Each structure stands twice: as C-alpha cells, then as structure tokens.
C-alpha cells in the first residue's frame, strides 16, 4: 500500500499531492527558481501552479522568506514556470504520440471522437472556426484545448504533417499530457 505525500501551497494553504503543485527553491543569491520536476536538492516551498498565485509571489516575495530560509527575489518567476510548463507540454505531447495515443487527420479525428476511448481534443490556434465548432460539438463532454501552436507546428510535434486537430486516447502518457495542459490553462 503506497501512501501519497501531501504538500501545502505556501500561498493558498491548500493541500495537494506533489503532482498538483510546483516546487520552488532559493539560490545562493536569493533568486527563487522553479524546480518543476521536484528533483533539486535542498529546502523547497510548494505552490499552486496558477498565474494568480505566482503573480502574488512576484509582488510579495516575503511570503517565501520563512519557508526558504532567507530573503528571496522572485522577479520573472511566472515566466519561468510558464516556460517549464510549456517544455513539459511539448515533451508529453511527443511521448503520447510515440505511444500511439494521438489520432490525427480529418476522418481519424471524427472516428476517434465517436469512440469511447478518447480523453481530449487538441486544436491548433489557426484551425478554421468551422472545424473548431464541428469538432467541439463532436467532442461532447471531453476536454478541449486550443494550443498556441500552428497546424504546421502541431503536426511537427508528433512527427507528422500539418494537423489542425488531434484526439488524445486513454493511456498513461495521455494522463501526463492532460495534467500539463491543465497547468497551461491555469498559467495563462
């Protein structure tokens, strides 16, 4: 029986498992860094990955003085976390594609949305409004994410030609991708 170690956000005081929070560490010069994977040595502070929370930390670095045991500087922290999240989104997108959990192409996407084994619909930022409306209706209650990627870039991320839409099937890499996409939304 494995136990889940809970952490508490230093800003909101809400508890959650470490996968739902982001760890921050303080460098020797007092600059606070995002330890996105939670692997760096030393004392850390856990925060909710949202633009609201990170903006508050940038404005009030004193919140971190006690948990990180010293004066802290937090300039650019939100952008740092956004960059780490975006890198994770692209990485998990590639892993899900390699695992065969991504379906693309006009007919493939529509067929996948008709099945029960799909978790989410991903749309390129330059997908046509008509296609977006059609696929969003077909997605029903599934998650829908519009990614800040063009059709060319979205296709390239999964090793294919241009893709305006992708469907994510169920599987472990898909769960990791969806977690990162939820964070992406919260960090906007």
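Comparing 55, 169, 115 in a Gaussian network model of the chain, where Cα atoms under 10 Å apart are tied by springs, the biggest mean-square fluctuation is seen for 115. In this simple spin-label model, placing a label point 7 Å from the Cα along the Cα-to-Cβ direction at both residue 125 and residue 141 gives a separation of 3.2 nm. Only Cα sites of the chain enter the Debye sum here, all with the same form factor; the resulting log10 I(q)/I(0) across q = 0.10, 0.14 1/Å is -0.48, -0.81, listed in q order. Using Cα atoms only, what is the angle between the long axis of helix 172-186 and the major principal axis of the chain, expressed in degrees (0 to 90) to the nearest 10? Between helix and principal axis, roughly 70 degrees. Remark: the residue 59-residue 182 segment gains 41.9 nm on full extension, using 0.36 nm per residue and subtracting the alpha carbon distance.
Helix 129-139 axis versus longest C-alpha principal axis of the chain: approximately 80°, rounded to the nearest ten. Rounded to the nearest 0.05, the FRET efficiency derived from the C-beta distance between residue 73 and residue 5 at R0 = 22 Å is 0.20. The antiparallel fraction among DSSP beta bridges confined to the range 85-186 stands at about 60%. Subtracting the Cα-Cα distance of residue 152 and residue 66 from their residue separation scaled by 0.36 nm leaves 26.3 nm.
Kindly state, to the nearest 0.05, the FRET efficiency for residue 83 paired with residue 114, given R0 = 35 Å and r defined as their beta-carbon distance. E(calc), rounded to 0.05, equals 0.40.
Compared with the dominant principal axis of the Cα atoms in the chain, helix 77-98 is inclined by about 40°. From most to least packed by mean Cβ count within 10 Å, the peptides 138-144, 46-52 give 46-52, 138-144.
Read-outs throughout are calculated quantities, based only on the coordinates presented, and are distinct from any laboratory measurement. Just so you know, these numbers come straight off a predicted model, no measurement behind them. Positions of Cβ are generated from backbone atoms using ideal geometry, with glycine treated the same way; all protein chains shown enter the neighbour counts.
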